[in-house]
Amino acid sequence: MADIPQHTAESQVQEDTLEPSPKKQKLEEGTDPVVVKDKEITGSEDGSLLTEKDCGITEYLSSHQGFTGVLKQRFSDFIVHEIDTDGNIVHLTDLSLPLEKEECPDPGLDLCPFFSAEDIAKLEEFVTREDKAATLTLPVQEDKEMRTQMYKTLKKKYPNLDGRTVKSEIGASVIEVSFKKGESRSSQVWPQSRGKHLKFVLYKENKDTMQAISQISRFLRIKPNMFCYAGTKDKRAVTTQYISCFKVDAKRIQELNQHTDTLAMGNFRYVDHPVTLGQLKGNHFTIVLRDVLGTDDQINAGWTAVRETGLINYFGMQRFGTTIVPTHHIGRALLHCDYKEALELIMKPRHKPGERSWDKPEQCRQKWSETRDAGQALAVIGRFNCVEQYVMTGLKKHQGKNFQAAIQMIPKNSRTLYMHSYQSYIWNQIVSRRIRQFGMKPMAGDLVLDSNTVDGADCDVDDLDAVKEQSQKSAGDTASQPSVIVLTEETAANYTIYDVVIPLPGYGVTYPENEVKQWISDLLKKDGIDADTFKQSLKSFSVSGSYRKMLVRPEGVKWSIHRYDDNTIPLVLTDRDRLNNVELPTQSEEGQLKAIKVEFSLPKGCYATMVVREALKMETSQSFQISLNR
């Protein structure tokens with residue numbers, strides 16, 4: 001393999017100045033990609049927001065010049081479709097109810113002898129609405145034997161209901177129906193022909209997955225944990241993914257389509273098993289970059305390089321938060337068991353003193369900062385479900401003294417993500433140094449996944465979903481870890497850099513048998529952390545390690561260049577647009593502005609923003625994107 005030239009930030013700037021339009025360097029078969037040092041980006045003007053350098057994102061693979069463009073100028077410019085385990089791209093194509101097998105009627109469940117069709121319809125609507133505080137009044141049978149049989153049938157068909165004979169306001173006997181206290185929906189009669197789980201496609205706009213599920217659960221008056229999903233999807237985007245819920249009739253969820261403009265649910269079917277975390281192959285992205293500044297040659301060079309070479313498999317900026325409080329700082333505090341510091345970071349106001357915010361969590365943080373009173377902070381936020389509400393509830397419950405208990409009020413999946421953010425921060429720094437110092441060749445001591453024991457395509461990524469799934473396992477369970485092979489001088493020649501994995505630090509993983517192992521140790525030591533720190537006495541705060549491939553190649557990369565004049569005009573169609581037979585407006589080829597439409601697929605846990613970064617050679621941090629929009 002060819003030697004890799006070393007590029008410093010200064011030399012790269014000089015090269016860009018001397019050669020404003022360099023030709024794309026063709027990667028011949030059997031040669032290495034060229035590693036290019038990132039240009040120095042200092043972030044926002046006040047230095048308060050994270051930059052890529054702050055998160056260890058500093059290197060590129062290819063040597064093309066790059067260009068600029070605005071990412072996510074409109075949330076509809078970023079479309080994400082889940083790819084299921086069979087490789088199918090998940091689309092919302094049908095809003096109708098599922099066809100069901102006709103069941104042989106059970107004569108023991110027939111209410112027709114006792115009630116009119118109108119009363120039966122009222123009863124079914126009452127059950128579907130599931131208002132635990134409500135009651136329903138129905139006419140009673142005069143005949144005692146018929147009345148007894150009616151109660152037996154009612155109890156058999158709706159075991160979660162109570163029925164009793166009472167006097168109406170006018171003194172007539174009626175049946176009062178109500179829900180039994182403490183009875184769950186699982187006690188309802190469920191058609192035997194159905195699977196016990198409703199699986200459907202969730203389409204959402206400008207909401208993250210948990211916000212969408214929270215909205216659906218409020219409408220249905222059921223708990224959010226009744227819903228299962230394979231992974232969370234971006235907030236500022238249009239996304240589709242599979243969701244499942246236990247014993248919920250499709251009609252109830254379909255009704256929500258009439259009450260929201262930002263969600264749509266469809267492709268309903270009843271299945272025997274729920275969707276589980278990590279149960280996806282990856283995601284397919286359709287992205288529009290607007291206000292592009294660059295020649296067509298530069299654009300084609302950038303995307304060709306991504307298609308042929310791929311990119312460094314960095315954890316993107318979303319992993320570390322978009323505010324002045326990085327999530328990995330909170331994770332570091334939790335690993336130190338410094339729960340007070342973790343809470344203070346969570347509750348640190350993001351706005352400047354005196355700045356008014358309409359954001360409920362920020363108002364809660366500001367009230368806590370001003371009063372140090374959890375009760376007053378809670379009064380501001382009410383029942384708004386968020387991390388701030390959880391920790392203030394816990395702190396108030398324990399008289400403002402037990403910070404560990406307050407942190408434990410955060411749902412486990414959300415809580416562990418702080419610590420996984422710290423792992424990602426270490427991983428990014430290590431992969432940058434590994435590529436910068438040793439280039440693109442596998443070397444003795446590197447790790448690769450053992451293909452004899454695991455499917456490398458399915459376990460090469462510690463993504464958001466996998467770590468959440470892993471956090472639910474007991475702290476001593478390392479059986480789910482893939483096996484790795486430590487390369488020797490002889491075996492290294494049998495692999496490429498695309499096979500090499502770097503561990504995310506934690507318990508239960510193997511570390512490289514070369515300089516990389518010491519680098520990881522040094523970074524952890526700098527933060528006062530060692531390998532034992534990750535396995536704590538409290539299982540819910542223990543973090544196992546995992547493995548992530550250094551590089552990734554997107555599949556199906558294709559792009560097109562467009563001209564336009566109006567930033568508010570859509571350049572791609574969403575699934576909802578297609579359902580509504582919307583057509584894209586015709587764009588003039590003489591438009592003053594340039595845009596790129598690009599499509600590609602990534603394995604689960606890989607970041608589309610890092611693909612854009614490699615193609616454009618452009619910072620993807622929020623501060624830099626804000627500067628482009630000015």
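Which pairs turn up if I take residues in segment 370-385 that are free of Cβ contacts under 8 Å to residues at least 12 places away in the same chain and look for partners that are part of a helix (DSSP H, G or I) with beta carbon separation below 6 Å, at least 6 apart in sequence or on another chain?
From residues that are free of Cβ contacts under 8 Å to residues at least 12 places away in the same chain, the pairs are Gln376/Lys367.
Output the residues belonging to segment 53-71 that are touching an Asp or Glu at 6+ places or on another chain (Cβ under 7 Å) and assigned to a strand (DSSP E or B).
Answer for segment 53-71, where residues must be touching an Asp or Glu at 6+ places or on another chain (Cβ under 7 Å) and assigned to a strand (DSSP E or B): Glu59, Tyr60, Gly69, Val70.
When you go through Thr85, Thr68 one by one, which is the residue that is surrounded by 11 or more Cβ atoms within 10 Å (Cβ to Cβ) and touching a helix residue (DSSP H, G or I) at 6+ places or on another chain (Cβ under 8 Å)?
After applying the criteria, what remains is Thr68.
Among the residues of segment 211-229, are any more than 15 Å from Leu277 (Cβ to Cβ), outside any helix (DSSP H, G or I), touching a Cys at 6+ places or on another chain (Cβ under 9 Å) and of a type outside the set (Phe, Trp, Tyr)?
Scanning segment 211-229 turns up at least one residue that is more than 15 Å from Leu277 (Cβ to Cβ), outside any helix (DSSP H, G or I), touching a Cys at 6+ places or on another chain (Cβ under 9 Å) and of a type outside the set (Phe, Trp, Tyr).
Of the conditions (1) assigned to a loop (DSSP other than H, G, I, E, B); (2) closer than 21 Å to Leu202 by Cβ, Gly591 satisfies every one except a single condition; which number is it?
(2)
In this structure, does Val325 turn out to be β-branched (Val, Ile, Thr), free of Cβ contacts under 8 Å to residues at least 24 places away in the same chain and over 30 Å from Phe600 (Cα atoms)?
No, not satisfied.
When you go through Val467, Val501 one by one, which is the residue that is modelled with pLDDT under 90, closer than 24 Å to Leu602 by Cβ and not in a loop (DSSP other than H, G, I, E, B)?
Numbers: Val501 fails: modelled with pLDDT under 90.
Of Val467, Val501, the one residue that is modelled with pLDDT under 90, closer than 24 Å to Leu602 by Cβ and not in a loop (DSSP other than H, G, I, E, B) is Val467.
Using the structure shown, decide if Asn581 is on the phi > 0 side of the Ramachandran plot, surrounded by fewer than 18 Cβ atoms within 10 Å (Cβ to Cβ), in a loop (DSSP other than H, G, I, E, B) and not assigned by TED's automatic domain parsing to the domain that holds Gln429.
Taking the combined requirement at face value, the residue satisfies it.
Could you identify the single residue in Leu95, Leu154 that is surrounded by 15 or more Cβ atoms within 10 Å (Cβ to Cβ), modelled with pLDDT of 85 or more and more than 17 Å from Pro191 (Cβ to Cβ)?
The conditions single out Leu95.
Does Ala342 count as more than 30 Å from Trp427 (Cβ to Cβ) and buried (at least 23 other Cβ atoms within 10 Å of the Cβ)?
The answer is no for Ala342.
Looking only at residues that are within 23 Å of Arg290 (Cα to Cα) and either surrounded by 17 or more Cβ atoms within 10 Å (Cβ to Cβ) or modelled with pLDDT under 95 (or both) in segment 546-560, which one is farthest from the chain's Cα centre (by Cα)? Even if it seems obvious, please write down each step before you answer.
Start the filter on segment 546-560 by keeping residues that are within 23 Å of Arg290 (Cα to Cα), which leaves 554-560.
When the remaining residues are screened for being either surrounded by 17 or more Cβ atoms within 10 Å (Cβ to Cβ) or modelled with pLDDT under 95 (or both), the result is 554, 557, 559.
Numbers: Pro554: 19, Val557: 22, Trp559: 25 Å.
If we take residues in segment 546-560 being within 23 Å of Arg290 (Cα to Cα) and either surrounded by 17 or more Cβ atoms within 10 Å (Cβ to Cβ) or modelled with pLDDT under 95 (or both), then Trp559 is farthest from the chain's Cα centre (by Cα).
Provide a single number: the residues in segment 296-348 that are among the aliphatic types (A, V, I, L, M), in contact with a helix residue (DSSP H, G or I) (Cβ under 6 Å, 6 or more places away or on another chain), in a helix (DSSP H, G or I) and within 21 Å of Leu71 (Cα to Cα).
1
Report the residue count in segment 511-550 for those that are hydrophobic (A, V, I, L, M, F, W, C), farther than 24 Å from Ile410 by Cα and either in a helix (DSSP H, G or I) or free of Cβ contacts under 8 Å to residues at least 40 places away in the same chain (or both).
So the count comes out to 6.
Being assigned by TED's automatic domain parsing to the domain that holds Tyr511, in contact with a Phe, Trp or Tyr (Cβ under 7 Å, 6 or more places away or on another chain) and either among the basic types (Lys, Arg) or surrounded by 23 or more Cβ atoms within 10 Å (Cβ to Cβ) (or both) narrows it down to one residue among Tyr418, Tyr425; which is it?
Only one candidate passes the filter, namely Tyr425.
Can you tell me which of (1) more than 13 Å from the chain's Cα centre (by Cα); (2) buried (at least 20 other Cβ atoms within 10 Å of the Cβ); (3) outside any strand (DSSP E or B) is the one Ser244 doesn't meet?
(3)
Within the bounds of segment 266-282, is there any residue that is surrounded by 21 or more Cβ atoms within 10 Å (Cβ to Cβ), under 25 Å from Arg129 (Cβ atoms) and of a type in the set (A, V, I, L, M, F, W, C)?
No, segment 266-282 contains no residue that is surrounded by 21 or more Cβ atoms within 10 Å (Cβ to Cβ), under 25 Å from Arg129 (Cβ atoms) and of a type in the set (A, V, I, L, M, F, W, C).
I'd like to verify a number: residues in segment 343-360 that are touching a residue at least 12 places away in the same chain (Cβ under 8 Å) and in contact with a Lys or Arg (Cβ under 9 Å, 6 or more places away or on another chain), how many?
The number of residues fulfilling the criteria is 6.
Do you know which residues across segment 350-402 are outside any loop (DSSP other than H, G, I, E, B), over 29 Å from the mean Cα position of the chain (by Cα) and small (Gly, Ala, Ser)?
Ser369, Ala374, Gly375, Ala379
The values are calculated or read from the model by the stated rules, or taken from the named source; none is laboratory data. The structure displayed is predicted, hence computed values, not measured ones. As a convention, Cβ positions derive from the backbone with ideal geometry for all residues, glycine included, and neighbour counts pool all protein chains shown.
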